[in-house]
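Undergrad: Have a look at the structure that comes next, please.
No lab work stands behind these numbers, since they all come straight from the coordinates. What you see is a predicted model; the values in this text were computed from it and never measured. Note that each Cβ is placed from the backbone with ideal geometry, even for glycine, and that neighbours are counted across all protein chains shown.
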2 protein chains.
Amino acid sequence: MKHYFSHFTCSLCGSEYGPEDVTYTCPKDGGNLNVILDYESLKKELSPDKFTELPEASLWRYINLLPVKAPGGFGTPLHRAGWTPVYKPTRLAQKLGIQDLWVKDESPNPTASFKDRASAIVVARALQIGAEVTVAASTGNAGAALAGMAAAVGAKAVIFAPKTAPPAKIAQLIVFGATVLLVDGNYDQAFDLSIEATHNFGWYNRNTGFNPFTAEGKKTAAFEIWEQVIRRMPEGNKPLTVFISVGDGNIISGVHKGFKDLAALGWLSKMPRIIGVQSEGSAAIANTFHQGGEEIKPVQATTLADSISVDLPRDGVRAVRAARETGGTYITVPDENILNAIAELGRVGIFAEPAAATAYAGLVKAVEEDIIKPDDPVLVLSTGSGLKDVKAAMQAVPQAPIIEPTLAAVKKVLK
Amino acid sequence: MKHYFSHFTCSLCGSEYGPEDVTYTCPKDGGNLNVILDYESLKKELSPDKFTELPEASLWRYINLLPVKAPGGFGTPLHRAGWTPVYKPTRLAQKLGIQDLWVKDESPNPTASFKDRASAIVVARALQIGAEVTVAASTGNAGAALAGMAAAVGAKAVIFAPKTAPPAKIAQLIVFGATVLLVDGNYDQAFDLSIEATHNFGWYNRNTGFNPFTAEGKKTAAFEIWEQVIRRMPEGNKPLTVFISVGDGNIISGVHKGFKDLAALGWLSKMPRIIGVQSEGSAAIANTFHQGGEEIKPVQATTLADSISVDLPRDGVRAVRAARETGGTYITVPDENILNAIAELGRVGIFAEPAAATAYAGLVKAVEEDIIKPDDPVLVLSTGSGLKDVKAAMQAVPQAPIIEPTLAAVKKVLK
């Protein structure tokens, strides 16, 4: 199969590198690298209709637009990452007073979060370059996704986590057969140690904002939004507005990249407007967006939405641009609104973890503030299952009443 | 659309009832009711190839073989129940020394368990008969599934649970907007109260082993196994052996019913052999299978696999028959083996809850005991996500080591 991966460019200085010349960030300034495809060849050899013909119900249906070779592991969970459902919860749309609302739910991914998209591509790349061990620093979804995708194809994964990580989250990593090292230090120390070990042992590192292929995995969500929603919208519609929860900035950057790929191919007539949503307690990127410029200043993150709780976002610059370049914006919401959003989504049958519900909380605020008009078509990305953080769910809803085992007691409480 | 639901028959006395004449169990002896389709008309009007043409990636692709009308709620999680992936974990097959092993993983269902299949059909039936409230007694997956499927279409759900139910499991029900009543009593009291309330308030009751439509939802897994595996097997192959974890017996009865439907249509040349697997600590149905007869005697269930921990199974007779009539058997496994099975499945990227891993534990024992030969094709049904019970997962694997944040410490621990 032909390979359309042309080169890397640095997101900061613009330097170009061949596909095999660099592995992680820009050697000059440490900037995140963008993957550039050979759009001219792709335009000639592919057409938008081609994807809908592909039988594979996973992100691998977009193999021609990915910078890796089709991996082995067919018939394993590696080939079930992506191609997640888009729901149309009309009751929520009515409540918000908007015409068209879609929610893309990432829970059915193999490890129940959006992060499987990135890990699937990173594991495919590791197989391709013959890396025997793939490594990440993570306490949560990214680590679980790497461990799960590596297990799917029998590859080794090593996960560094701060020793304060919740034992329940660690258990999932170990079940997937990953080697987990609990670092007697904070997340940044685990991150730095994972990179030191990577260089020393010749491992392949998945860290977000470091490995350029994570965004390439995440961009597949944009392709799906295009195939499942945008291509089916009537002519003359306003462009889609996409709400995305933002922590380190890699998901919003990846989705933006996907839309840019489609635009470069001429397959996207209107660039969607991308709105990033952060917790008020972890708003480093939103701060930069509203203050201007591209300098990301660290915060002391405090939010119950642990998957987007980040002091210094590692993909902040591209995340700011995702909103700026598409006419979008950044919205911040308090944790209370995130808990409300969990309950709102639950009432239409979507069980979201706090970080996933944050995007919906942002939509609620955007409607209140008239950023979203009734005729703006809106898609909310819900990035992970509520089963990932049941403790937060318990805070989102009232307790159930205890009753005597009698019909009279049932009648009394239901009044 | 034509409706092929012919009548009910009682699984104990064989009495027949029209589709609208009874609602739950047999009025004469309380036996579970079987749904009988109009197989002669179906044979004339349908063909096996028809299903693969249907675009809907859910159990609703089998609408013609279901006793309900196609429900509304398109674009909601109701239309994402079923059509779960079948994995082919070759490393596990090699380890077991068998040629063909498939694992059907029910985690991607909307509420992450097999129970969504039953709840989807029950909610469709509730919509069809105009029932405003659907009710169940459950502490776990069945309650979550009913709450989630009802929420998907804006229907009301009431869940009765013993007050000892884990708050984390209850939280999910409340997030889905269900009314949860914690009964100051045990599960049986919650069950009985739910039925009393059903009759009193005119609600529609989903209870397993009571409502005949739950098995009709569960049979769709058999249709999928047929479509995804059996139809693709080469001619002359030995029949498929299917391993199913068994608690109250409704899943194995439902899957058996699905295969019987296909056989009645003449679309299944070889009936699969069905092997039920129970925890040693909750083996009422296995006991009856091996002792002979159909009398189910209650046990004092004690197993960590809470989803199959049952004192008196409510669908035991049909569950015994599922194995007897297909040349299968019942296998019991200790909790230790269930924990091992969680770790084994995890290492190929499948994260199963204890009840789900029990089926795989049964396969391991069946291979050891020569019940399964190397050339027996085998499918293991994994009924729910490990995220449903992370506490059990923590027992299944060793703890991770804590290390100083230095490369020397990494080297030392990896030796």
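Undergrad: How much of the calculated P(r) for the stretch B:245-311 lies past 21 Å, in percent of all Cα pairs?
TA: Details: 727 of 2211 pairs.
Cα-Cα pairs in the stretch B:245-311 separated by more than 21 Å: 33 percent.
Undergrad: Which shape class applies to the stretch B:20-64: rounded if a/c is under 1.5, otherwise prolate when a/b exceeds b/c and oblate if not, where a ≥ b ≥ c are the square roots of the Cα gyration tensor eigenvalues?
TA: It is prolate, given that a/c is not under 1.5 and a/b is the larger ratio.
Undergrad: In addition: Where a Cα-Cα gap under 18 Å defines reach, which aspartates and glutamates qualify for A:Lys219, not counting those fewer than 8 residues away within the same chain?
TA: Cross-link targets: A:Asp38, A:Glu56, A:Asp105, A:Glu106, A:Asp116, A:Glu227, A:Asp248, A:Asp261, A:Asp315, A:Glu325.
Undergrad: Can you give the FRET efficiency for B:Phe201 and A:Asp375, using 1/(1 + (r/R0)^6), R0 = 60 Å, r = Cβ-Cβ distance, to the nearest 0.05?
TA: Efficiency for this residue pair is about 0.90.
Undergrad: Still on this structure: Taking each residue of A:352-365 in turn, how many C-beta atoms of other protein chains fall within 10 Å of its C-beta, and what is the average?
TA: Average neighbour count from other chains, rounded to a whole number: 0.
Undergrad: In peptide B:148-158, what is the residue-averaged number of other protein chain Cβ atoms found within 10 Å of each Cβ?
TA: Details: counts 5, 1, 1, 9, 6, 3, 6, 0, 0, 0, 2.
Mean shielding count: 3.
Undergrad: Is the stretch A:45-149 best put as rounded, prolate or oblate by its Cα gyration tensor, with a ≥ b ≥ c the root eigenvalues, rounded for a/c under 1.5, and otherwise prolate when a/b is larger than b/c, oblate when not?
TA: In terms of gyration-tensor shape, oblate.
Undergrad: If you don't mind, there's one more thing I want to ask. Taking a label point 7 Å from Cα toward Cβ, how far is B:Arg91 from its twins in the other copies, in nm, shortest first?
TA: 4.3
Undergrad: Moving on to the next point. Can you put B:Glu344, A:Glu235 in order, fewest other beta carbons within 10 Å first? Provide the component values of the computation, followed by the final result.
TA: On the way: B:Glu344 25, A:Glu235 5.
Neighbour counts put them in this order, fewest first: A:Glu235, B:Glu344.
Undergrad: Just check the stretch A:33-98 against the gyration tensor rule for me: Cα atoms, a ≥ b ≥ c as the square roots of the eigenvalues, rounded for a/c under 1.5, and otherwise prolate or oblate depending on whether a/b exceeds b/c. Could you put the intermediate results ahead of the total?
TA: Working: a/c = 2.31, a/b = 1.58, b/c = 1.46.
The shape class here is prolate.
Undergrad: Still on this model: From the label point of B:Asp49, set 7 Å from Cα along Cα→Cβ, how far away are the matching label points in the other copies, in nm, ordered shortest to longest?
TA: Counterpart label points of B:Asp49 in the remaining copies fall at 2.3 nm.
Undergrad: Per DSSP helix of 4 or more residues, -39500 (n - 2.57); summed, then divided by the residues of chain B. What does that give at 222 nm, rounded to the nearest 500?
TA: Working: 16 runs with 158 residues, N = 415.
Mean residue ellipticity, 222 nm, calculated: -11000 deg cm²/dmol.
Undergrad: I need the helices of chain B that pass two filters: whole DSSP H segments spanning 18 Å or more by Cα along the axis, and mean Kyte-Doolittle score no lower than -0.5.
TA: For chain B, where a helix must reach 18 Å along its axis and average at least -0.5, the hits are B:115-128, B:187-201, B:250-264, B:354-368.
Undergrad: Kindly state, to the nearest 0.05, the FRET efficiency for A:Gln99 paired with A:Ser269, given R0 = 25 Å and r defined as their beta-carbon distance.
TA: The computed FRET efficiency comes out at 0.80.
Undergrad: Ok, one more. Mind sorting A:Glu227, B:Glu353, B:Glu325 by how few other Cβ atoms lie within 10 Å of their own Cβ, fewest first?
TA: B:Glu325, A:Glu227, B:Glu353
Undergrad: Can you pick out the pairs among A:Lys28/A:Lys163; A:Lys43/A:Lys365; A:Lys388/B:Lys415; A:Lys104/A:Lys365; A:Lys104/B:Lys115 whose Cα atoms lie more than 29 Å from each other?
TA: Check vs 29 Å cut-off fails for A:Lys28/A:Lys163; A:Lys43/A:Lys365; A:Lys388/B:Lys415.
Undergrad: Relative contact order (percent) for chain B, with alpha-carbon contacts under 8 angstrom and 6 or more residues of separation?
TA: Taking the mean separation of contacting Cα pairs over the length of chain B, I get 15 percent.
Undergrad: If you filter the stretch B:44-87 for chymotrypsin sites (Phe, Trp or Tyr not before Pro), then keep DSSP loop positions with at most 14 other Cβ within 10 Å, what is left?
TA: B:Phe74
Undergrad: Give, in whole angstrom and from largest to smallest, the semi-axes √(5λ) of the equivalent ellipsoid of the stretch A:261-415, with λ running over the eigenvalues of the Cα gyration tensor.
TA: For the stretch A:261-415, the semi-axes come out at 36, 19, 13 Å.
Undergrad: Let me ask something else about it. For labels at A:Glu45 and A:His290 in the simple 7 Å Cα→Cβ model, what's the distance in nm?
TA: Each label point lies 7 Å from its Cα, and together they span 4.7 nm.
Undergrad: Hey, another quick one. So if each residue of separation counts as 0.36 nm, and I subtract the Cα-Cα distance between B:Asp192 and B:Glu280, what length gain in nm does that give? Show your work: numbers first, answer last.
TA: Working: separation 88, 0.36 × 88 = 31.68 nm, distance 2.67 nm.
This chain segment gains 29.0 nm when fully extended.
Undergrad: Which distances, shortest first and in nm, link B:Gly293 to the matching position in the other copies, using label points set 7 Å out along Cα to C-beta?
TA: Listed shortest first, these distances are 8.5 nm.
Undergrad: Report the trypsin sites (Lys or Arg not before Pro) located in the stretch A:1-77 that are in a DSSP loop and have at most 15 other Cβ atoms inside 10 Å of their Cβ, or state none.
TA: A:Lys2, A:Lys28, A:Lys69
Undergrad: Could you let me know the centre-to-centre spacing of the stretch A:143-222 and the stretch A:97-123, using Cα atoms, in angstrom?
TA: Using only Cα atoms, the two centres lie 19 Å from each other.
Undergrad: A further question follows. Once each part is reduced to its C-alpha centroid, what is the distance from the stretch B:349-373 to the stretch A:1-69 in angstrom?
TA: So the separation of the two Cα centres works out to 42 Å.
Undergrad: Excluding residues on the same chain fewer than 8 positions from B:Lys412, give the aspartates and glutamates whose Cα lies under 12 Å from its Cα.
TA: Straight-line reach from B:Lys412, under 12 Å: B:Glu404.
Undergrad: So if we plug the beta-carbon distance of B:Asp184 and B:Glu132 into 1/(1 + (r/R0)^6) with R0 = 30 Å, what FRET efficiency do we get, rounded to 0.05?
TA: FRET efficiency, B:Asp184 to B:Glu132: 0.65.
Undergrad: Still on this structure: Can you put B:Arg232, B:Arg125, B:Arg324 in order of Cβ neighbours within 10 angstrom, beginning with the fewest?
TA: B:Arg232, B:Arg324, B:Arg125
Undergrad: How far is it, in nm, from the label point at B:Arg324 to the one at B:Asp29 when both lie 7 Å from their Cα along the line to the Cβ?
TA: Label-label distance for B:Arg324 and B:Asp29, simple model: 1.2 nm.
Undergrad: Report, largest value first, the span of the C-alpha coordinates of chain A along each principal axis, in whole Å.
TA: On the principal axes, chain A reaches 73, 55, 46 Å in Cα extent.
Undergrad: Which of the GluC sites (Glu not before Pro) found in the stretch B:1-77 are loop residues per DSSP with 12 or fewer other Cβ atoms within 10 Å of their Cβ?
TA: Loop-located and lightly packed - B:Glu20.
Undergrad: Could you work out, for the protein assembly as shown, what percent of all Cα-Cα pairs fall into each 20 Å distance bin, beginning at 0 Å and stopping at the bin that holds the largest distance?
TA: 16, 50, 30, 4, 0
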